[in-house]
1. At what distance in nm do the modelled label points of A:Ala449 and B:Phe38 sit from each other, each positioned 7 Å from its Cα along Cα→Cβ?
2. Using modelled amide H (1.01 Å from N, peptide plane; none on Pro or chain starts), what sits under 5 Å from the amide H of B:Lys77, excluding residues fewer than 5 places away?
3. In the range A:77-116, which residues have a backbone nitrogen under 17 Å from the label point lying 7 Å from A:Lys2's Cα in the Cα-to-Cβ direction?
4. Please check which bits of the range A:219-242 a label hung off A:Lys164 would reach, taking the label as a point 7 Å along Cα-to-C-beta and the cut-off as backbone N under 17 Å.
5. Might you report the magnitude of the Cβ-based charge dipole of the range A:2-90 about its Cα centre, with Lys and Arg at +1 and Asp and Glu at -1, to the nearest 20 debye?
6. Report the charge-dipole magnitude of chain A in Debye, nearest 20, computed about the Cα centre from +1 at each Lys and Arg Cβ and -1 at each Asp and Glu Cβ.
7. Taking A:Lys368 as the anchor, which lysines have their alpha carbon closer than 23 Å to its alpha carbon, excluding any fewer than eight residues away along the same chain?
8. Give me a single rounded figure for B:9-19: the average over its residues of other chain Cβ atoms within 10 Å of their Cβ.
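Throughout, read-outs are computed from the coordinates displayed, never taken from laboratory work. Fair warning: this is a prediction, and the values are worked out from it, not measured in the lab. Positions of Cβ are generated from backbone atoms using ideal geometry, with glycine treated the same way; all protein chains shown enter the neighbour counts.
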Amino acid sequence: MKVYVPNDSTALSLGAEDVVSRLREIEPDLEIHRNGSRGLAWLEPLIEVESHNGRIAYGPVTAESLSKAMLQGKSHELLLGDIEQHPYLAKQQRLTFERIGKIDPENLADYQKMGGFDGLRRAIASPPQAIVDQVKASGLRGRGGAAFPTGRKWQTVLETSSDKKYIVCNADEGDSGTFADRLLMECDPFCLIEGMVIAAIAVGANQGYIYLRREYPLALERLQAAIDKSRKAGFLGKHILGSDYCFELEVRLGADAYICGEETSLLESLEGKRGLVRSKPPLPAIEGLFGRPTVVNNVLTLATIPFILARGAEEYANYGTGDSRGTITIQLAGNIVRGGLVELAFGTTLRELLVEFGNGSFSGRELKAVQVGGPLGAYLPASKWDLPLDYEAFTAAGAMLGHGGIVAFDDTVDMAQQAEFSMEFCALESCGKCTPCRIGSVRGAEVLARIRQGQQIEKGLELLEDICETMEKGSLCAMGGLTPFPVRSAINYFPEDFQPVEVK
Amino acid sequence: MADTTNMNSLINSAIENHRELEGPLLPILHKIQADIGFIPTECIKLISNALRMSAADIEGVISFYHHFRRTPPPAHKLEICRAEACQALGARELERHAMKHLKAKYHEISADGSVALEPVYCLGNCACGPNILLDQKLIGRVSPARFDEIIAGLLRN
């Protein structure tokens, strides 16, 4: 009998290994397969039992709640049935994440059975310009948050001549509320590798780095194992699949610096320096790592490339709306019942996600605010939840989609405290190179602390707006430039939280 | 904890195994911290000679990254996520509870000397907070009561 138990960080953090030990006790002859998570975080550990009618899922299972009835595919209060019919999954359009939870992340054959490396084979057979044209035609934009057209970036690197070029994957997923990169790397690591090899062929690079945050120890293990296996199987290294293309890939670890998610700071860090942000221009596509032309793309951007090459740009561009083509990967997080990964074509509203997918707050209280796009994203009240998920619509509303994280807060949240935290976080993580960010954040946090004590609120808010304006317009990068967004949104949408305690 | 001779050989092998890499400094520092538990002052001169970098530049890099520590660590490292998604699920209450329980603030060591308490900003398990990382093991949905269970086996009486 076969049972599938996920082995991603979420399932493990909720006792998946204890479930495995208990399974072995109950049924020593059991064939236990490990797969990644399907991204339905609130149901983890979600086990699936093979039966005549396909896989039958149960979740969230703990070592204590595990029973023999489950192993026979029988009825149980944790029975979920065929998980692919679950509305949370059935309503999604999984393109980048089509394999997660279905395959063993460490098994190269599993990956290839589900279309893995088809995109690479096509890339090897195409001239580099044709690959870049495919990426342009797909409409893919950078999924790290800045949403720059990927094909245009690649075109620049392709056209810039140099003795050496680099592909750098930004896997420094530091935004709170985001875990899509982690899921991809833990549950389908070969997909990221394939995307990077295709990028290398397209622009003429032969060295790549994955800059991974230290906080993701399991992703590190999975990536290293997948790189070794890919190299042995001829998908990496010299003469890839017998062609003239050569590409080496290495994982490098960050060391707890949020700013290193900013691409130029990341490059400095890879070079072994303090992660100080560089002025642009020059663009990294022209002078990037060690001064050479460099593609810097987010994990999801690169992991979407194999789909585009294998199925065609048109297939991808068929999804989405306006200039936001394809799918966006939303991560529902924070105070929400059904937190997890939701990959959908652009255009859905926040409300649909929070209600239909998220099913309201985890605490059972009223939802008060959601922060979209990480710690530099705006806090949005219920009146803004009909915004469609689309890069331009969010920008027009003074918000940003960023890397797609949505953090829900119930009505116990104190928005003045959140605003203060935004400034504190900026002060802590600022690289220190430019004054507006380095000093503005410290002063901003001080002013907010005084406001929260009820001291000179009017004057404080005026000063705070002054600081915000300086940070927004004068900072070198998005850290200082966007910190005013959560701060201002908290003040504008939740003014009652900035009144003296007696009035609250 | 390694003695001095052993420590020097660990430092030298970390340097030798990584010096040929492009941008070798971070991999060297990571390896030293993984093997020794912290970045001892003794290693600065050795790295400086090997990489032809000034000691000041190396110190500057070490101090930039929150991960690197300069003093020997206690037996355990407990990191509590302070980021927004965990805040929304009670991380602030959890950190107050942990500080009271361990009699330590962030960047301090528990009163019994066994646990280093550190803040961390996002562990990527944001749908199942509050989260902690205990000696590299991620644990989700940590209520104060669950925290007490987890920590019970670690503290010395």
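1. Using points 7 Å along Cα→Cβ, the separation is 2.7 nm.
2. B:Ala116, B:Asp135
3. A:82-84, A:99-115
4. Only A:237-238 fall inside the zone, counting backbone N under 17 Å.
5. It works out to roughly 100 debye.
6. Working: 52 positive and 67 negative charges, 234 e Å.
Using Cβ point charges on Lys, Arg, Asp and Glu, chain A gives about 1120 debye.
7. Within the straight-line limit of under 23 Å, A:Lys368 reaches these lysines: A:Lys384, A:Lys504.
8. On the way: counts 0, 0, 0, 0, 0, 0, 0, 0, 0, 0, 0.
Counting Cβ atoms of other protein chains within 10 Å of each residue's Cβ and averaging gives 0.
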